[in-house]
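Engineer: One structure, pasted below without further comment.
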Amino acid sequence: MGSQCNGDEFEVPEIKIKFTKLFINGQFVDAISGKTFETRDPRTGEVIAHIAEGDKGDVDLAVKAARQAFDHGKWPRMSGYERGRIMMKFADLIEQNIEELAILDSLDAGKLFTLNKLLDIPGTAHHLRYYAGAADKIHGETLKMSREFQGYTLKEPIGVVGHIIPWNFPSTMFSFKVCPALAAGCTMVVKPAEQSPLSALYYAHLAKEAGIPDGVLNVVAGFGPTAGAAISSHMDVDKVSFTGSAEVGRLVMEAAAKSNLKSVSLELGGKSPVIVFDDADLDMAVDLANKAIFFNKGEICAAGSRIYVQEGIYDAFVKKAVENAKKWVVGDPFDPRVHQGPQVDKQQFEKVLKYIEHGKREGATLLTGGRPCGDKGYYIEPTIFTDVKEDMLIAQDEIFGPVMSLMKFKTIEEAIERANNTRYGLAAGIVTKDLNIANRVSRSIRAGSIWINCYFGFDVDCPFGGYKMSGFGRDMGLHAIDKYLQVKSVVTPIYGSPW
Ligand code: ADP
């Protein structure tokens, strides 16, 4: 079957949605207003569950609980080893519930069930264990200073953290934020995206079962301009860690500046280039480029959405990329034969289709795809445009859908200049057998992650984050813990020392 919706039989696992309320101070509670919102299945557009809709008052309660847990509770005061042990238990519980969590992320976000089981959910356990192991290795420095003083630094948890996360990787985004903050000894309020709140609420339940004290991890589901904005403008939140669009990142920063000048880190959008040189292995390059944009239906901030191909290999590349895209199976994310599920919701689906129409109107050539597929749900065909110019909207904006823009280049200098011609700087791919070209281009691209002869080279010990308008601060790796720590200098005088 080509890039069609798959119509064959397969089994969709049954699930009862257990957690739909806000999780505040260790309890599942209704919103103060009593309001709920619907979370929908992107395969059909039907309602999966009604979720308690948190707003400012609920955020206040959650921050109060987190403040109390930080100022007077055990979590920041216990040894890193003890925190690590509890985080390890949390990880074990996640592993015991992989199937259920994987179903939730597929239902809520249209993500492939097999990949959730293989990568996203086990990845969350992996992140917890990585940072659990780091929790008792957070050290300051000793400072010799000048002759009158000596000193040392203490690394202390930054306090109450607000994590505002998106819907494209509900579990992975939860783990990117929560795990290092827990290791650092912070307390927190997580606001999952309104499109995909189910797994975060489930994680809250497992955190309690693992022994994370009440008030340390609170989850307030709700909408951005209400619950999200209440976090970023809260006077008692010490830090906001945000992943989402550049537009909202700007609002978060403004709110932080206008309230208590809380520390902010932002992981925003991207328009990442993949540069394919003439000497590349054609099959490998095409496979890499197609996965770079079609993986997770293009709903990934690091997607390789601008593909630059050197002129000698260009025609062969285009032909093969189209053949390859036509073999990419779009369909139900529970079907193990499927490569691409539905876009997360109606709004995103319509937004992507609008960009495709715009690309056609601007004069780019549509080689394949470009249409919705199936008679229900939010499925879009893998789409490839050629004759794309850098000033076209489809080459500038983050589409967040399965839409590739293909462009031809002649020289390495030209490739570098055009790849950097974007307001974003999240990631880049380089495909070549020439080590010197790979190294030279790596240094010249202004982006936080460079993947040579691979794409999406993610791992928990490899920092991830942006240059330019892709944001600042790094998730993953030991760098991520630093976001949740303060450095305190402690100085004593030293009398009569000749040294
Ligand atoms: P996307 O474009 O991927 O949907 P958004 O930036 O809109 O990303 O959303 C990412 C997260 O930011 C979500 O949890 C959303 O609810 C939240 N959000 C949206 N608007 C605001 C806002 N004004 N203040 C704080 N958070 C917001």
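Bear in mind that the values in this text are calculations on the coordinates, not laboratory data. These numbers were taken from a predicted model, which means no experiment stands behind them. Cβ sites come from the backbone with ideal geometry, for glycine too, and all protein chains shown count toward neighbours.
Engineer: Give the distance, in whole Å, between the Cα centre of the stretch 306-377 and the Cα centre of the stretch 100-127.
Structural biologist: 23
Engineer: Tell me the relative contact order for the stretch 272-452 as a rounded percent, counting alpha carbon contacts under 8 Å between residues six or more apart.
Structural biologist: Details: 354 pairs, mean separation 50.8, N = 181.
In percent, rounded to a whole number, it is 28.
Engineer: From the Cα trace of the stretch 1-144, what convex hull volume per residue do you get, rounded to a whole Å³? Don't jump to the answer; show the numbers that get you there.
Structural biologist: On the way: hull volume 27.5 nm³, N = 144.
In the stretch 1-144, the Cα hull volume divided by residue count equals 191 Å³.
Engineer: How large is the Rg to Rh ratio of the stretch 158-227 when both quantities use alpha carbon positions and Rh follows Kirkwood?
Structural biologist: Numbers: Rg = 11.2 Å, Rh = 12.0 Å.
Ratio of gyration radius to Kirkwood radius for the stretch 158-227: 0.93.
Engineer: What does the charge dipole of the chain about its Cα centre add up to, to the nearest 20 debye, if the Cβ of each Lys and Arg holds +1 and the Cβ of each Asp and Glu holds -1? Mind dumping the intermediate values first?
Structural biologist: Values: 57 positive and 63 negative charges, 263 e Å.
About 1260 debye.
Engineer: Scan the stretch 290-393 for trypsin sites (Lys or Arg not before Pro) in coil per DSSP, keeping those whose Cβ has at most 15 other Cβ atoms within 10 Å, and list them by number.
Structural biologist: Numbers: sites: 291, 297, 306, 319, 320, 326, 327, 337, 346, 351, 354, 360, 361, 376, 389; in loops: 337, 376, 389.
In loop regions of the stretch 290-393 (DSSP not H, G, I, E or B), the sparsely surrounded trypsin sites (Lys or Arg not before Pro) are 337, 376, 389.
Engineer: When the Karplus curve 6.51 cos²θ - 1.76 cosθ + 1.60 is applied with θ = phi - 60°, which whole-Hz ³J(HN,Hα) does each residue of the stretch 225-240 get, with x for Gly and Pro?
Structural biologist: x, 9, 5, x, 5, 5, 6, 5, 9, 6, 6, 10, 9, 8, 8, 10
Engineer: Can you work out ³J(HN,Hα) from phi for every residue in the stretch 128-140, in order, using Karplus 6.51 cos²θ - 1.76 cosθ + 1.60 and θ = phi - 60°, giving whole Hz and x for Gly and Pro?
Structural biologist: 4, 5, 4, 6, 4, x, 8, 4, 9, 10, 9, 10, x
Engineer: Another question, then. Relative contact order of the stretch 54-212: what whole-number percent is it, with Cα pairs under 8 angstrom and at least 6 residues apart? Write out the running numbers ahead of the final one.
Structural biologist: Numbers: 229 pairs, mean separation 51.0, N = 159.
Rounded, it is 32 percent for the stretch 54-212.
Engineer: Using only alpha carbon pairs under 8 Å that are at least six residues apart, calculate the relative contact order of the chain and give it in whole percent. Numbers along the way, then the final one.
Structural biologist: Details: 1186 pairs, mean separation 95.3, N = 499.
Taking the mean separation of contacting Cα pairs over the length of the chain, I get 19 percent.
Engineer: What angle do you read, to the nearest 10 degrees and between 0 and 90, between the alpha-carbon axis of helix 198-210 and the longest principal axis of the chain?
Structural biologist: Relative to the chain, helix 198-210 is tipped by roughly 30 degrees.
Engineer: If we restrict to alpha carbons, what Rg and Dmax does the stretch 272-452 come to, in Å?
Structural biologist: For the stretch 272-452, the Cα radius of gyration and maximum Cα-Cα distance read 15.5, 50 Å.
Engineer: Return the ratio Rg/(2.2 N^0.38 Å) for the chain, where Rg is computed over Cα atoms only. Write out the running numbers ahead of the final one.
Structural biologist: Values: Rg = 23.6 Å, N = 499, 2.2 N^0.38 = 23.3 Å.
So the Cα radius of gyration is 1.01 times the expected 2.2 N^0.38 Å.
Engineer: Taking H placed 1.01 Å from N in the peptide plane, check which residues at least 5 places from residue 408 or on another chain put their amide H under 5 Å from its amide H.
Structural biologist: It is 309, by chain and number.
Engineer: Then there's this: Whole-Hz ³J(HN,Hα) for each residue in the stretch 327-340, computed from phi via Karplus 6.51 cos²θ - 1.76 cosθ + 1.60 with θ = phi - 60°, x for glycine and proline: what do you get?
Structural biologist: For the stretch 327-340, the Karplus-derived couplings read 8, 6, 8, 9, x, 4, x, 8, 7, x, 8, 7, 9, 9 Hz, x marking Gly and Pro.
Engineer: Follow-up question, since we're still on this one. List the residues, sorted by chain then number, that are 5 or more residues from residue 373 or on another chain and whose placed amide H is less than 5 Å from its amide H.
Structural biologist: 379, 380, 381
Engineer: For the stretch 62-150, which semi-axes, largest first and in whole Å, follow from the square roots of 5 times the eigenvalues of its Cα gyration tensor? Before the final figure, lay out each step's value.
Structural biologist: Working: eigenvalues 275, 60, 33 Å².
The equivalent ellipsoid of the stretch 62-150 has semi-axes of 37, 17, 13 Å.
Engineer: Okay, moving on. Suppose R0 equals 45 Å; then what is the FRET efficiency for residue 316 and residue 96 from their Cβ-Cβ distance, rounded to the nearest 0.05? Provide the component values of the computation, followed by the final result.
Structural biologist: Details: r = 49 Å, r/R0 = 1.08.
For residue 316 and residue 96, the calculated efficiency is 0.40.
Engineer: Residues with amide H under 5 Å of residue 332's amide H, sequence separation 5 or more or different chain, H placed in the peptide plane at 1.01 Å from N; which?
Structural biologist: HN-HN under 5 Å from residue 332: 6.
Engineer: Hey, can you rank 119-132, 160-173 by average C-beta count inside 10 Å, highest first?
Structural biologist: Values: 119-132: 23.4, 160-173: 26.6.
Sorting 119-132, 160-173 by mean packing, highest first, produces 160-173, 119-132.
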